[in-house]
1. Hey, what's the Kirkwood Rh for the chain if you take every pair of different alpha carbons, in angstrom?
2. Can you show me the helix-derived [θ] at 222 nm for the chain, built from DSSP H runs with n ≥ 4 at -39,500 (n - 2.57) apiece and divided by the number of residues, rounded to the nearest 500.
3. Using modelled amide H (1.01 Å from N, peptide plane; none on Pro or chain starts), what sits under 5 Å from the amide H of Ala32, excluding residues fewer than 5 places away?
4. Tell me the volume per residue, in Å³, of the convex hull enclosing the alpha carbons of the range 46-102.
5. For a label point 7 angstrom out from the Cα of Glu24 toward its Cβ, which stretches of the range 61-79 have the backbone nitrogen within less than 18 Å?
6. Would you mind checking which residues have amide H under 5 Å from Phe124's amide H? H placed 1.01 Å from N; only 5 or more apart, or other chain.
7. For the range 76-110 and the range 1-41, what is the centre-to-centre distance using only Cα atoms, to the nearest Å?
8. Amide H of Ile27: which non-local residues (sequence gap of 5 or more, or other chain) have their own amide H closer than 5 Å, using H built in the peptide plane?
Amino acid sequence: MIRVLVAEDETVMRETLVALLGLEADIEVAVAVAAGDQVLSAAVEHRPDVALLDVGMPGIDGITAANRLAGLLPGCRVLIFTGTDAPATVAAALRAGVTGYLLKDGSAGELIAAVRAVAKGERFMDARLG
C-alpha cells in the first residue's frame, strides 16, 4: 500500500485528489493538509511514502517543504503537483530533492502513474517540461 500525504491549499482540488487517489486499491491518503507549514508535522505523524505537494501554498511553499522533508524523513519521496512549468521553479524543485514533478493540467491517469513511480523511487517528470 502506498501511503500519500496530499498538500493543496485549494479545498476542491485537495478533496478531489483525496477522492481520486482513494479509488486506487494500492494507494491510500494518509493525511491531507491545506498549508505548507502543516506538511512536516503531518508527515512525521503519518509517515507517508509519497508527499504530493503543490508549490504555491500558505505558510511555506511546496519546494521549501520538500527540502525540509528530505532532511526530516528521507524515506518519503516528493511529487510536486503544480500549475507552473517555469524553468526556475522546476530547477528549484530538483535542487530540493523532489523525485517527481507533474503539471496539474494532466490526466488522472498521469497522476496515478506518477504517484506509483515516485513511490518506487523512480524519477517522474512531466513530459511537457521539455
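1. Every distinct Cα pair counted, the radius reaches 14.0 Å.
2. Helices in the chain give a 222 nm mean residue ellipticity of -12000 deg cm²/dmol.
3. HN-HN under 5 Å from Ala32: Val6.
4. On the way: hull volume 4.2 nm³, N = 57.
Considering the Cα atoms of the range 46-102, their hull volume per residue is 74 Å³.
5. Only 76-79 fall inside the zone, counting backbone N under 18 Å.
6. Sorted by chain and number, the residues that satisfy this are Gly100, Tyr101.
7. 16 Å
8. Excluding prolines and chain starts, which carry no amide H, the hits are Ile2.
Readers should treat all values here as calculations from the given coordinates under stated rules, not as data from a laboratory. Being a predicted model, the structure only gives us computed values, none of them experimental. Ideal geometry is used to build each Cβ from the backbone, glycine not excepted, and the neighbour counts take in all protein chains shown.
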